[in-house]
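These notes concern the structure reproduced below.
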Amino acid sequence: MEKRRFTTNHSNLYSVILLLFVMVREKTEGFSSWLKKKKLRFIYKVILIIIVLLILFWLFMWFSPYADLKAFKSRPYSVRYYDRYGELLQITPLEDGLRREKPKEIPRYVKDIFIFAEDKRFYYHFGVDIFSMARAVYQNISRGRRVSGASTITMQLARIISSSKSQGFGQKIGEAINAVRLETRFSKDQILEMYLNSLPFGFSAEGAQSASRNFFSYQLHELTPAQVFCLAVIPRRPSFYNPLDNPENCMEAAFNLKTKFADNKRLSKKWQLFSQIDEKDFEFAVFKTTRRFQYPFEAPHLVRLANSENTKKSGEVRLSINLELQRYLQNAVAGSVAIHYSSRLSNGSAIVIDNETGEILAWVGSADFFNADAAGQIDGVLALNQPGSSMKPFLYAMALENNFLPSDVIADVPMTFGESEVYFPRNFNNRFNGPILFRASLASSLNIPAVYLLYRLSVRNYTQHLLDLGFNSLETSAGEAGLGLALGNAPVSLLELVRAFSVFPRDGILIPLTWELNDTVDRNRKNTEKEKRIYSPDTSRIICSFLSDSAARVLAFGAGRNFRTTFPAIFKTGTANQYQNIVALGATMKYTAGVWMGNFTGETVLDKTGSSVPAAIVRNTLYVLHRENQSALNNSSLNFPLPNDWKTRRICAVSGMNPTEACLSVINEYVRFDEIRHDCSWHRIVNGRSETTFPAEYQAWFNASVRQGSLDYSSRPLEIINPRDGFVYLSGGGFGINEITVEVIGGEGSVLNVTHNDSTFSVGRPFVFFLPRKQGINLLRVQNGYEEETITFTVE
């Protein structure tokens, strides 16, 4: 037995009881007089027994199991999805393409016309109209064929609930019993609403709302009187009265229904407009305004995601996306894919968010949802792909939070990292740039400095930091990436990337994203409750300064126009190590946009890395977002705020120290107010000329080419920088490499004494030499003056 509260509407039962009492009173002169008559006392007892039996029957019907009804009430409805401005995006189909909408409200005139057409005594029977049934039996017997079915609206609803197509006598009895069950459980208006929302109209449309849209391209409350009459006759014979294929049949039946409707004094007075329309109105409604509705299919990936999380499965949802922006971005992604298809770039995705509210303004899951060859139904916004260097801003921001300074210089020189697995990072152009300032290292997306920072900060700490930023997809893959995490070797989603990137223009605060449009007050309250501070405001502002500095990008990107805007904006691109994923991120104070391009098959994109392709889409998208208010492009509110505890000072562009007269290149950089600064020790005037002396860690870079200046070998303690302690090598080395390169820096003397296992020898400056690959554990000891260092490495 289905469980429910004792709150059902008993107006139908009360009506029956009241009717019985009225019948008794009409047959007597008065209540007191007929009680005195013995014969009437017997009748009264019989009536009471009948009333009791009716009540028991009513209660039995109310409590009796009705499994079909439970399934019927739980069935889903089509959901109407709108953009933030009320533009229809989709009406989700159900099984087999069926659409069944539930309107907010069914107009009263629609209810009255359907009641008049199907069940005139709807409000006066208890689910079964005895008079209509008796008339139908007489007509069918007298004419020898089925003329009338006498099904009430409640009986028709019972047939819909049971999904029965049979019209036999036994089926009619079952419908009648179920109709009474419905009458005991629901009010008349509830029954009528369920009926109108479930009535089959054919052509994959159920319910008056879906039929109205399907046949007339209007919502139910927008129909003309003639169209309402047309709608009311279609369920009788959907194919025969379909106004799209058989307009004449539909018009004739609808006009006849209107004529009878006008003859009803009560209804014609109540709905005068509906009674006064003539044949021309029907001709116009059927032949001029009837057209099959073209269901829109906008933002398919986002609607699919939102629909999967929509527990109500009915009504309508206002999404936060802007349909105009959505279409622009969809066309931009599809156009770029078409242009570069020959380079095996077969797909792309994009997302745009509002930094102030966290609302998603556009969501492009793929270049073409219906392109099965390119796996277009995969959602690239949610798919996990290697983001490449687009992850580096988070690493540099973490470094700033851990006492690194914008004026710090990082050595972009050959380095090896790791223990059991040797990691030798390279820049994208296979060049080493020597000393690089923090700003240029990030803006030009150099790999070796990034790996060095991660080595200093530790993979574990950085992984936790990224999890705090919302990169939940890294929970299982970050450990496998190791130091490659600095270069974006672990897959993440574009959604995670864009959300995290928006932290910088938001002064270090991470907020949740939403695709559903709520009222402004409620939305801001929710975001305030769930926001999380990741970086200090000053760290975020310094990163914005780095990523918006076109001069700092020149080393890697030249003076490309893809990062040029007439308003302040930050950009970062990334390419996966096999060039199968290309990512571009961009943000202003108001918006953040991200674009991924590549292919879902993992194939390498040919010809070039192509970061300029998604970067151009991001840049143009930000222009589209800001062009609505051209005067705002020069508005100071669009400027990224300046750090509070920092000021710009002139520093040496090579050493990062305070410049002296010997420093030939000077730039401006942020320096803390309380920072202790030293004059540049790398430059000095010799014989009227500036000379540069590089520290010992630049040994390999300095000696790899003819350079101006010299090396200060003694500026560092003695250190073996390659191999590192615990390195594991494979025997043979591959590609004919049978030796291991050893590099030692620092030390006071010019001669290095080396002990490798049982052999001993000496080398001079620079301390670079080669050792044979001897299987097993190898002991390496170096000694220079009073300094000594020992490591072990293994050859397997």
Of (1) more than 22 Å from Leu555 (Cβ to Cβ); (2) assigned to a helix (DSSP H, G or I), Gly470 satisfies every one except (2)
Kindly indicate which of Arg677, Arg650, Arg689 is more than 33 Å from the chain's Cα centre (by Cα) and modelled with pLDDT of 95 or more.
Arg650
For segment 325-356, enumerate the residues that are within 24 Å of Met589 (Cα to Cα) and touching an Asp or Glu at 6+ places or on another chain (Cβ under 8 Å).
Gln326, Arg327, Ser349, Ile353
For segment 748-781, name all the residues that are farther than 24 Å from Phe694 by Cα and in contact (Cβ under 8 Å) with a residue 40 or more places away in the chain.
Arg773, Gln775, Leu780
Of all residues in segment 333-360, which are surrounded by fewer than 22 Cβ atoms within 10 Å (Cβ to Cβ) and either in contact with a His (Cβ under 6 Å, 6 or more places away or on another chain) or aliphatic (A, V, I, L, M) (or both)?
Ala334, Ala338, Ile339
For Tyr623, only one of the following conditions fails: (1) surrounded by fewer than 15 Cβ atoms within 10 Å (Cβ to Cβ); (2) farther than 30 Å from Val381 by Cβ; (3) at pLDDT 90 or above. What is its number?
(2)
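Condition first: among the polar types (S, T, N, Q), surrounded by fewer than 22 Cβ atoms within 10 Å (Cβ to Cβ) and touching a Gly at 6+ places or on another chain (Cβ under 8 Å). Now tell me which residues in segment 382-431 satisfy that. I'd like the intermediate steps shown before the answer.
The first filter runs over segment 382-431 and keeps only residues among the polar types (S, T, N, Q), leaving 385-386, 389-390, 402-403, 407, 416, 420, 427, 429-430.
Checking the rest, the ones that are also surrounded by fewer than 22 Cβ atoms within 10 Å (Cβ to Cβ) come to 402-403, 416, 420, 427, 429-430.
Within segment 382-431, just Ser420 meets the criteria.
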I'd like the full set of residues that are in a helix (DSSP H, G or I), free of Cβ contacts under 8 Å to residues at least 12 places away in the same chain and among the basic types (Lys, Arg), limited to segment 224-266.
Lys265, Arg266
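A quick yes/no check of all residues on (1) modelled with pLDDT of 90 or more; (2) aliphatic (A, V, I, L, M):
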| position | (1), (2) |
| --- | --- |
| Leu89 | yes, yes |
| Gly97 | no, no |
| Ile113 | yes, yes |
| Phe116 | yes, no |
| Lys120 | yes, no |
| Asp129 | no, no |
| Met133 | no, yes |
When you check Ala254 against the structure, is it under 14 Å from Thr289 (Cα atoms) and modelled with pLDDT of 90 or more, yes or no?
no
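The values are calculated or read from the model by the stated rules, or taken from the named source; none is laboratory data. Everything numeric in this text was worked out from a predicted model, so none of it was measured. As a convention, Cβ positions derive from the backbone with ideal geometry for all residues, glycine included, and neighbour counts pool all protein chains shown.
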